[in-house]
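Read through the structure below, which is laid out as structure tokens, and then see the notes.
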Amino acid sequence: MQRNIALVLCAVFFAIALLFATRPASAAPAAKAAVVSAQRAEEVVASANSDKYHRLTCDYADNILEENKVYYKTPADAERDDKYACSVCRP
Ligand SMILES: [Zn+2]
């Protein structure tokens, strides 16, 4: 019986230690997610003179003049503005 109580106490201490150990780790991914969402603020780009939209990394996106660039947060936003996905970069 004495041994069982010691085992339960041991398990409780282990659980508390685990709780404290995982707390800083759970805060880190949240901070990382904030950075990723900031990078994803503008995901696709279209030209004011064209009905196609591209990934920001697409070669065709590089060819769009800076003054004609129209940025969208998501491909769905671009589609809503009557733009079509580029068949080369497939955003
Ligand atoms: Zn493209």
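The values are calculated or read from the model by the stated rules, or taken from the named source; none is laboratory data. From a predicted model like this one, the values you see are computed outputs, not experimental measurements. Methodologically, a virtual Cβ is constructed for each residue, glycine included, from the backbone with ideal geometry; neighbour enumeration extends over all protein chains shown. Just the protein is used for accessible areas: all its heavy atoms, side chains included, with ligands, DNA and RNA removed. Shrake-Rupley method; radii C 1.70, N 1.55, O 1.52, S 1.80 Å.
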How far apart, in nm, are two points set 7 Å out from the Cα along the Cα-to-Cβ line at SER87 and at ALA41? 3.5 nm
Search the structure for amide H atoms under 5 Å from the amide H of ALA85, placed 1.01 Å from N in the peptide plane, and list their residues when 5 or more places away or on another chain. TYR53
In Hz, Karplus ³J(HN,Hα) per residue of the stretch 76-90 (6.51, -1.76, 1.60; θ = phi - 60°; x = Gly, Pro): 4, 5, 5, 4, 5, 9, 6, 9, 10, 5, 5, 7, 8, 8, 6
Positive minus negative residues near LEU65 (Lys, Arg vs Asp, Glu; Cβ under 15 Å): -2
Overall form of the stretch 44-85 per C-alpha gyration tensor (a/c, 1.5; a/b vs b/c): prolate
With unit charges on the beta carbon (Lys/Arg positive, Asp/Glu negative), name the residue among ALA76, SER47, ASN63 whose Cα is farthest towards the positive pole of the charge dipole of the stretch 44-85. ALA76
Quote the accessible area belonging to ASP82 in square angstrom, nearest 10, computed with a 1.4 Å probe and with ligands, DNA and RNA left uncounted. 120 Å²
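In the neighborhood of LYS83, defined by Cβ-to-Cβ distances under 10 Å, what is the net charge if each Lys or Arg adds +1 and each Asp or Glu adds -1?
Taking every Cβ under 10 Å from that of LYS83, the sum is -3.
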Give me the distance in nm between label points sitting 7 Å out from Cα along the Cα-to-Cβ direction at ALA76 and ALA48, one decimal. 2.8 nm
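Below 8 Å between Cα atoms, with a sequence gap of 6+, how large is the relative contact order for the stretch 44-85 in percent? Display every interim value, and only then the final one.
Values: 61 pairs, mean separation 20.3, N = 42.
48 percent.
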